[in-house]
Amino acid sequence: MVIASSQGYSNAWKQFEPASLRRMASPARAWNWIGAAVILSSLGIFECAAVAERPSGDAAAAAVDAHVAASRSAAIRECNEQNIQLPPEFLAWVDGDRDARRAIYGSWSDPLRSLLALRALEIDLGIGAVRGHSKQLALAFAVQAGQPRRRKASPWNDGDREGAVAVMPDVSARDPLVLRVPTWTPTESVRPPSERRSIHDEVIAFLDSLPEVEVEVHVDQWPPLEYDDKGIAKPRGGPTQEKKLVRRRPVGADVIASTKLQRAFNEWMAAHGHPGVQIDCGERVVFWLSTDAVNDDARRASIRAAHELFHDAYRATGRLPAQRDPPPTPSESMAWFIRNNAHEFGAQAASRGWPLFPLDAPWPLLLMLADDDQPLREREQVWAQFRETGVARFYGEYIGDIAQQFDMQSARRVCPFPFSYGSIQMMWKDGGVCGTMGNIGARTHRILGEPASTAGQPGHCALVVLRRDGTTGRYSWVGEQYATGGDEVTTVHSRWDMDGKGLMRKVAFHQSTAWGVSADREGWLDAMVLASAMRARSGRDADAATEVTTALLKAALDSSPYALAAVGHAIDAARDADAVRTVERDFAEQTKDRMPKADWDCMQSAVRVLAEERMQSLQTDDGRRLRARGSDQ
């Protein structure tokens, strides 16, 4: 790859003779020759070879190549400074593959970390996966790896980046990855009295000393699968819920619910050397099926202490995992998705509709799968149930006001369990309200290979899932569990990173990606690179920036009318209200006739949000300047 500094402009631009303007397809694009000159001279570095390959007046393409080349040069330089060795053949493939080149060097993510992440995936999963059958998924994982990552799996809504850190991927030589899903086996034995050394041992010994109890459980009964004469499974109806009585040993939740068992527990602990360990939770204040919140603060504190006692005892003695499983590495997660995607259901293929979402979709649409940090053991249980029975549970038990008190919600069903709090399995066991239901739905969709996220509505939590129209091939985000409005009031919790800010945004922002890729994938990806070029220029000389920003925005919108990130950067660069309104007007004039009206209305609403945010920022800045001026006088 030939890189030229800004000193090479005069020689490089000899190929752009004025006569080339006469060869343009339309006089309306005559701006491109001048626009390209403005854009490239602003970037300060570009790829001569790539420019030479472009039609003379294609400003957008030339600017894309220039920004990618500049980003690549910086990434390779940093790689060399850190003495990180990458195979020349790997770098040559990235340079020669347009998808890879733009994703790694032209997106909003850190180019060096993305480059190393892609190489790490290739080391672990092989060239065939990364460059071949799963290239788009690999690019999604590589770009996402350029963002800060949580060290622990997210316990709640998507988009939670608290404690996230930037990690430099490991590209050292190693054996190919062998995918192994962890297992966990509970401890069933009870230590004899002579070996009991802790309060935890005595708590478990007391529970195991109790006789079995008979309890009522609700069980989903599914109708049996039936097959037609071709051996294809017929559509199956939904489950019916039946009540059953089962016998089991008492658990911590039973003691919390019963004053009789509480007295027996207190006597046991006193008799076995722990007279200070006493609980007082009342009679059925909190029990297995309770739904009411606990309003007595003192009682709630007592129940919380009892829950912590039983919970800690279960963990210490191996009847609950000591901690939640760690999130998988990017390579493990990608390998897990690839394995499942290749599963053949045989006679059940038609009824399963597998795969539910194409893993060869353009990489920007797969980012939520790459960002999923659910531990493999949790995922595997859900996948195995779907694989073997066709059952996928997108909802759980709605339990009322007690769900607003996590400590009481947890106390009502504390018992031995193979999964920790924060897992989808614990959400199914304990139930919840809208937040739990949205999490169950979004996580299940992602486990089954469908990009999805929890989403907030006024006073409610829902979710969105990405769908592909089987007839038109168009991708679109679809809301589920909506309650207090439509897309216009719904904020997706997974971050919209396209502008490099990583904010939670309304559905319209995510639609801009899905619809833009659907309408013109190549154009949208070029617009993405141009938006990154605009972000790279932010904070430079304001007087020189206006012309460049205008040219870059025009180039981005010429590439894709769905270039919302570029519009956002242009609005951010506006220095007053008139400039903000100019960007809004330019967007409207350049895009209105180039997309369906419903799409345009949606995009316009997103642009309006960006404009309002900038207006508020300008007002805040003006106020600060006035206050500063007043303090100087």
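The values are calculated or read from the model by the stated rules, or taken from the named source; none is laboratory data. Please read all numbers here as calculations on a predicted model, not as lab measurements. Note that we place each Cβ from the backbone using ideal geometry, even for glycine, and neighbour counts take in every protein chain shown. Ligands, DNA and RNA are stripped out before the accessible areas are found, and what is left, the full protein with its side chains, is counted by its heavy atoms. Shrake-Rupley method; radii C 1.70, N 1.55, O 1.52, S 1.80 Å.
A Cβ distance below 7 Å, combined with a sequence gap of six or more or placement on separate chains, defines the contacts here; from the range 511-529, residues that are under 17 Å from residue 143 (Cα atoms) reach residues that are basic (Lys, Arg) and open to solvent by less than 10 Å² (accessible area, probe 1.4 Å) in the pairs 525/102; 529/102. Please determine whether any residue of the range 438-449 is polar (S, T, N, Q), within 30 Å of residue 598 (Cβ to Cβ) and surrounded by fewer than 17 Cβ atoms within 10 Å (Cβ to Cβ). No, that holds for no residue. Scanning the range 290-326 for residues that are within 20 Å of residue 432 (Cα to Cα) and either buried (at least 16 other Cβ atoms within 10 Å of the Cβ) or touching a residue at least 40 places away in the same chain (Cβ under 8 Å) (or both) turns up 290, 291, 292, 293, 294, 300, 303, 304, 307, 311, 324.
Within the range 429-482, being part of a strand (DSSP E or B) and aromatic (Phe, Trp, Tyr) holds for 475, 477. The residue pairs whose first member lies in the range 172-184 and is of a type in the set (Phe, Trp, Tyr), whose second member is open to solvent by less than 80 Å² (accessible area, probe 1.4 Å) and in a loop (DSSP other than H, G, I, E, B), and whose beta carbons are closer than 7 Å, counting only pairs six or more residues apart or on different chains, are 184/321; 184/418.
When each of 334, 368, 408 is tested for being open to solvent by 10 Å² or more (accessible area, probe 1.4 Å), touching a residue at least 12 places away in the same chain (Cβ under 8 Å) and not in a loop (DSSP other than H, G, I, E, B), the lone residue that passes is 368.
The set of residues in the range 80-108 being small (Gly, Ala, Ser) and open to solvent by 40 Å² or more (accessible area, probe 1.4 Å) consists of 92, 96. Does residue 469 fit the bill of being modelled with pLDDT of 95 or more and touching a strand residue (DSSP E or B) at 6+ places or on another chain (Cβ under 9 Å)? Here the answer is yes, as residue 469 does meet what is asked.
Just one of the numbered conditions (1) at pLDDT below 95; (2) open to solvent by 10 Å² or more (accessible area, probe 1.4 Å); (3) among the aliphatic types (A, V, I, L, M) is not true of residue 51: (2).
Please verify whether residue 391 is surrounded by fewer than 20 Cβ atoms within 10 Å (Cβ to Cβ) and modelled with pLDDT under 95, treating the condition exactly as stated. So residue 391 passes the test. Scanning the range 557-605 for residues that are touching a residue at least 12 places away in the same chain (Cβ under 8 Å), more than 21 Å from residue 63 (Cα to Cα), open to solvent by 40 Å² or more (accessible area, probe 1.4 Å) and assigned to a helix (DSSP H, G or I) gives 581, 584, 594, 605. Taking (1) touching a Ser or Thr at 6+ places or on another chain (Cβ under 8 Å); (2) hydroxyl-bearing (Ser, Thr, Tyr); (3) within 30 Å of residue 461 (Cβ to Cβ) in turn, residue 114 satisfies each apart from (3).
As a summary of the residue check, residue 120 satisfies the conditions (1) in contact with a Phe, Trp or Tyr (Cβ under 8 Å, 6 or more places away or on another chain); (2) of a type outside the set (Ser, Thr, Tyr); (3) at pLDDT 95 or above; (4) open to solvent by less than 30 Å² (accessible area, probe 1.4 Å) except for the one numbered (1).
If we keep just the residues of the range 149-193 that are within 21 Å of the chain's Cα centre (by Cα), modelled with pLDDT of 80 or more and among the acidic types (Asp, Glu), which is least open to solvent (accessible area, probe 1.4 Å)? Per the criteria, the residue is 158. Residue 499 fulfils the conditions (1) touching a residue at least 60 places away in the same chain (Cβ under 8 Å); (2) in a helix (DSSP H, G or I); (3) among the charged types (D, E, K, R) except for a single criterion, (2). One residue stands out in the range 266-288 among those that are open to solvent by less than 80 Å² (accessible area, probe 1.4 Å) and under 45 Å from the mean Cα position of the chain (by Cα): the one that is farthest from residue 205 (Cα to Cα), namely 285. Annotation note: Cβ proximity below 7 Å between a residue of the range 153-167 that is of a type in the set (Phe, Trp, Tyr) and a residue that is open to solvent by less than 40 Å² (accessible area, probe 1.4 Å) (sequence gap 6+ or interchain) occurs for 156/439.
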